[in-house]
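To start, the structure under review is shown below, and the notes come after it.
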Amino acid sequence: MTDPLLRIRDLAVEFSARGVVARAVDGVDLDIGAREIVALVGESGSGKTTLARTLLGLERPTAGGIEFDGSPLPTTVRRLRAYRRRVQLVLQDPTGSLNPRQTVYESVAEGIRIHRMVAKSDGATEIDLVARSLTRSGLRPPENFFLRYPHELSGGQRQRVVIAGAMALEPEVLIADEPVSSLDASIRGEILALLLRLRDEFGLTVLVVTHDLGLAWNIADRIAVMYLGRLVEHGPAERVLSDPQHPYTQALLSVVPEMHHIEPIVLTGETPDPTRIPGGCRFHPRCPALLDGRAEAAGIADVCGTKPMPVLDTARGAAAACWLANPSSS
Amino acid sequence: MTTTSKPALTARQVAWRRRRQSAGRTWAEFRRHRSGLVGLGVLVVFGLAAICAPLLASHESIEVTKATGGVLEAPSWDYPLGTDADGRSVLALLIWGSRVSLMVGLLATAISMLLGTLVGLASGHYHNFFGKALFRITEWFLVVPWLPLAIVLSTVLGPSLLTVAFVIGIVSWPATALLIRAQTLSIESRPYLERARALGAGDWRQMRRHVLPNVMPMVFANTTLTVAGAILTETTLAFLGLSDPLYVSWGSMLDEAFNVGAITTGAWWFMLPPGICVIVVVLAFTLIGQALEEVYNPRLRERA
Amino acid sequence: MSGLLEIENLEVIYRTAGGEIPAVRGVDLTVDSGESVGLAGESGCGKTSVASTILRLQPSNATIRGSVRVGGKDVQTLGWSGLRALRWGEAAMVFQGALHSLNPVQRVGDQIAEPILLHDPSAQGTVKSRIGELLEQVGLPAARARAYPHQLSGGQRQRVMIAMALACRPELIVADEPTTALDVMVQAQVLDVLSGLVGELSLGLLMISHDLSVLGATCTRVAVMYAGRIVEEGPATDVFEHPLHPYTGALSAAFPRVGDRSARYAPSGLPGDPPDPQELPSGCTFHPRCPVAREDCADHDPPVRLAGPGRPVACVLVEEGALQP
């Protein structure tokens, strides 16, 4: 792709507590281009939330690097603040994301005040900027919402306020962590449609972190599937979801309740934790292809458990980190 | 309401009105706790007595050189609570003593709350060496036995009302700091703090606009309980003779009564009233504090 | 035959300082043994209130009208000993949020043993083997009985909750949002366990969820609730794939079929929010958000009509017998 906006290379983020090291992100290569909507799919323990938070500068990478618009991620307080104007965050729980003691106006104005947007705008006052942001997030008329407190709003309205607060900074990238998972089903569509509209109207780039493949189908251009700190599959959304190459993606897709026509592959065992990453291909202890003999038939069964899997080179278009899917490379 | 001539002021003014509304609701909720109201009533009485002391009993009545009563006289019409060993009216002493006890108690609490809140916030917010050091200092002060510390400090700094207030403040701030720290840690783990950080808020902004307002209710409830403790501590110190000898306080009255052997001579009017006053005032503050805790807790739960 | 669970014209009204809140406004529901019925709906629709009446766990400020019968007995008028026998012995609940429903300082095995011993104190000797049996039924090794809740994962805790519900061999299980907040793979495991148990033990299962697709895949029948009433009911796949009520249509479309091209870049949802039970819209409560509402929808609350056998729908646009050729 032409000059990606965000370039992640060999990223690793480790947490250590009492001598035990958890490799939450263990080697990720990913490019995100301008105006793209990329879905980062995975379950709990996959490292997707850690990856998102590292992109925002809320976590420090242990290894590897992130480049935004050609320059590496800033580390000093002042440059980090400037970076935050351009890359913003929407969290999962809209109720918890808003300070219960601040009115909607104050919540949205916060970012505007921190970054002194009024001085940079062309004659607009703070009220104008707040009103504009609320309108863009679908809260009309904005004046009705200025003095409301979060507990007086519904879940969907709260999420719109959070989005308005982020959009008030006119960012280039929005990172949304499970933006609709705690909202009622009938209003999910509205919030997702809002994200699409923001991309179309303002050229926003969106990275959606989610475990919901249906959501990815709804709005994503590309999908990256994470398992235990690494990307295991990557590609255009339609290709990944209609013809998944990696056994993990195949299993995930098969258990989505609407997929009646696919025999569900329910993986045994629990999602292993990042402090004890299996050797060889990290998915091999639960891999259905290994358990049902397909790997054996292809003659690679012993490779799966022993040979370490390299980091998925998504920049070169590599699709799946699996010996079975890429017979030539094993 | 499309006012672009007077911007943020309008929004903030109305936001203030809403805060006053919320204060009104707090008061209405507090009114439902009878115990709290009783405590408040008692405090108002004592407070008025302290403020109007010169009107209720002239200053001369507590000056030793102008004492007109006999030694340890039993209560009578002239002296409703009898007299002390110097012939002063015990009632007058009680009224003037309330000033010192209450003032020192409040001043000490102010010191304690200020110090405790600052240290608690900082040690809860900063997870680096600075924060950890503050925490260790808090723990150290908590562990050191307060009475010997108080005695040493009073002796070194000399006996004056300010010293006493300062000593009490030094001795009671760690408990507040620990409480505020725990509350800060809990608030900082909430998503809206993360959002503030993601928006670009610095440490100072995070603490001032997000942590502090949400910590304040707990601080408020804790303050009233701290006052109770401070008054008790002042009484103790005065009883031990560490307070300013120039001023009468309930503790110093107890000290005098003890020295003069009021119990053995049966002069109950000298011994009992100051003790009862201390108990009643401390109880009043405690009742208010407990009522406030109940008022603030369900709200914190429903807002969270 | 009398069903295992028979709810007839149930109304639940909460008395609060602010007035009366009609959370449930006339619900009919039946569950037979070996049948799994899904109750779908969003926040405020009253589904949890319905569930709470089955074991008479509704809060004290709730007024109940209508009848709730389990095994033929009216739950609301049972005496204390009858209620004790009913709770867990005949009907059990799997609560939402297993994380908070388990006692963090008690071993999991002891928590499962508690209802067993409460119902039959003499079972002290056999309780250990019963616990092992229960854990294995839900797919956990018997040795896990010695674990504390924090040592188990989310999916494992939910399975412990199911094992606890089975402890006294009930005939009816009510599962309130059993898979919310679980990963999709763990959700599949838990749903597998539940459907397996329904088959093996001939249990009746009432599953409550806001995720219509989960109910569509696991239950035989589904009832959709909106603002305290059931607006559509029928065989699960039928309701999910061919919804008749516009609300069901919207709920179903909210979980798009992966592979359906028309859902690409077209997330579908409803405007507005689920109604507040204190301020229900007039007429048909769904009309403010309904994509096909007519002018008179604000005036009349549509009666329930049978679009086909076992297919009641409450929408003025659906004619009686509409599904029949």
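The values are calculated or read from the model by the stated rules, or taken from the named source; none is laboratory data. The model shown is predicted, which means the values in this text are computed figures rather than measured ones. All Cβ positions, even for glycine, are placed from backbone atoms using ideal geometry, and neighbour counts span all protein chains on display.
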For this session: Identify, from the list A:Ser154, A:Ser181, the residue that is farther than 25 Å from A:Leu51 by Cα, surrounded by fewer than 22 Cβ atoms within 10 Å (Cβ to Cβ) and facing chain C (nearest Cβ under 9 Å).
Result: A:Ser154
For this session: Consider C:Ala181 carefully, then state whether it is of a type in the set (A, V, I, L, M) and on the phi < 0 side of the Ramachandran plot.
Result: no
Problem set entry | Residue identified as surrounded by 18 or more Cβ atoms within 10 Å (Cβ to Cβ) and either out of contact with any strand residue (DSSP E or B) (no Cβ under 6 Å at 6 or more places or on another chain) or at the interface with another protein chain (Cβ under 10 Å from one of its Cβ atoms) (or both) among A:Thr271, A:Thr205 | A:Thr271
Exercise. For the subset of region C:231-243 comprising residues that are surrounded by 24 or more Cβ atoms within 10 Å (Cβ to Cβ) and not in a strand (DSSP E or B), which member is modelled with the lowest pLDDT?
Worked result: C:Phe240
Seminar exercise, completed: In region A:83-96, anything in contact with a Pro (Cβ under 7 Å, 6 or more places away or on another chain), within 20 Å of A:Arg7 (Cβ to Cβ) and not charged (D, E, K, R) is listed as A:Tyr83, A:Val87, A:Gln88
Seminar exercise, completed: Of the residues in region A:222-263, those that are over 19 Å from the mean Cα position of the chain (by Cα), polar (S, T, N, Q) and within 25 Å of A:Pro285 (Cβ to Cβ) come to A:Gln245, A:Gln250, A:Ser254
Exercise. Out of all the residues in region C:38-60, is one or more aliphatic (A, V, I, L, M) and free of Cβ contacts under 8 Å to residues at least 60 places away in the same chain?
Worked result: yes
Problem set entry | Single residue of A:Asp200, A:Asp212, A:Asp221 found to be among the charged types (D, E, K, R), at the interface with another protein chain (Cβ under 8 Å from one of its Cβ atoms) and surrounded by fewer than 22 Cβ atoms within 10 Å (Cβ to Cβ) | A:Asp212
For this session: Tell me which of these C:Val313 doesn't satisfy, since it passes every other one: (1) touching a residue at least 12 places away in the same chain (Cβ under 8 Å); (2) in contact with a Gly (Cβ under 9 Å, 6 or more places away or on another chain); (3) closer than 24 Å to A:Leu195 by Cα.
Result: (3)
Problem set entry | region A:89-107, residues that are in a helix (DSSP H, G or I) and facing chain B (nearest Cβ under 10 Å) | A:Pro94, A:Thr95, A:Gly96, A:Ser97, A:Tyr105, A:Glu106, A:Ser107
Problem set entry | Members of region B:155-178 that are surrounded by 21 or more Cβ atoms within 10 Å (Cβ to Cβ) and either more than 11 Å from B:Thr138 (Cα to Cα) or hydrophobic (A, V, I, L, M, F, W, C) (or both) | B:Val164, B:Ala165, B:Val167, B:Ile168, B:Gly169, B:Val171, B:Trp173, B:Ala177
For this session: Out of A:Ala168, A:Ala164, A:Ala193, report the one residue that is over 16 Å from the mean Cα position of the chain (by Cα) and facing another protein chain (nearest Cβ under 8 Å).
Result: A:Ala193
Exercise. Out of the residues in region A:134-151 that are in a loop (DSSP other than H, G, I, E, B) and under 27 Å from the mean Cα position of the chain (by Cα), which is nearest to the other protein chains (Cβ to nearest Cβ)?
Worked result: A:Gly138
For this session: State whether one or more residues within region A:311-328 are modelled with pLDDT under 85, touching a helix residue (DSSP H, G or I) at 6+ places or on another chain (Cβ under 9 Å) and of a type in the set (Val, Ile, Thr).
Result: no
Problem set entry | Count of residues meeting criterion [of a type outside the set (Lys, Arg), more than 24 Å from the chain's Cα centre (by Cα) and outside any loop (DSSP other than H, G, I, E, B)] in region A:123-133 | 6
Exercise. Of the residues that make up region A:59-82, is at least one within 9 Å of another protein chain (Cβ to nearest Cβ), surrounded by 17 or more Cβ atoms within 10 Å (Cβ to Cβ), assigned to a loop (DSSP other than H, G, I, E, B) and in contact with a helix residue (DSSP H, G or I) (Cβ under 6 Å, 6 or more places away or on another chain)?
Worked result: no
Exercise. Tell me, which strands (runs of 3 or more DSSP E) wholly within region C:143-230 include 3 or more residues that are within 19 Å of the chain's Cα centre (by Cα) and within 13 Å of chain A (Cβ to nearest Cβ)?
Worked result: C:221-226
Seminar exercise, completed: Note: among C:Gly196, C:Gly228, just one is touching a residue at least 60 places away in the same chain (Cβ under 8 Å) and small (Gly, Ala, Ser), namely C:Gly228
Exercise. Quick one: would you say B:Thr233 is more than 14 Å from chain A (Cβ to nearest Cβ), under 30 Å from B:Ile62 (Cα atoms) and in contact (Cβ under 8 Å) with a residue 12 or more places away in the chain?
Worked result: yes
Exercise. Does region B:182-204 hold any residues that are under 27 Å from A:Met117 (Cβ atoms), small (Gly, Ala, Ser) and not in a loop (DSSP other than H, G, I, E, B), and which are they?
Worked result: B:Ala196, B:Ala198
Seminar exercise, completed: Of B:Arg190, B:Arg136, B:Arg181, the only residue that is under 21 Å from the mean Cα position of the chain (by Cα) and of a type outside the set (A, V, I, L, M) is B:Arg181
Exercise. Which condition breaks for C:Pro274 when tested against (1) of a type outside the set (Ser, Thr, Tyr); (2) without any contact (Cβ under 8 Å) to a residue 60 or more places away in the chain; (3) part of a loop (DSSP other than H, G, I, E, B); (4) within 12 Å of chain A (Cβ to nearest Cβ)?
Worked result: (2)
Exercise. Where residues in region B:14-66 are of a type in the set (Ser, Thr, Tyr) and modelled with pLDDT under 80, which of them is surrounded by the most Cβ atoms within 10 Å (Cβ to Cβ)?
Worked result: B:Ser61
For this session: Filter region B:194-206 down to residues that are surrounded by fewer than 22 Cβ atoms within 10 Å (Cβ to Cβ) and hydrophobic (A, V, I, L, M, F, W, C), then give me how many there are.
Result: 1
Exercise. How many residues, within region B:87-112, are surrounded by fewer than 17 Cβ atoms within 10 Å (Cβ to Cβ) and in a loop (DSSP other than H, G, I, E, B)?
Worked result: 1
Exercise. Of A:Val21, A:Val28, which residue is touching a strand residue (DSSP E or B) at 6+ places or on another chain (Cβ under 8 Å), in a strand (DSSP E or B) and within 30 Å of B:Ala201 (Cβ to Cβ)?
Worked result: A:Val28
Seminar exercise, completed: Among the residues of region C:92-116, the number that are out of contact with any helix residue (DSSP H, G or I) (no Cβ under 6 Å at 6 or more places or on another chain) and under 19 Å from C:Asp183 (Cα atoms) is 5
Seminar exercise, completed: Considering residues that are farther than 25 Å from A:Ala24 by Cβ and not hydrophobic (A, V, I, L, M, F, W, C), the number found within region A:227-245 is 5
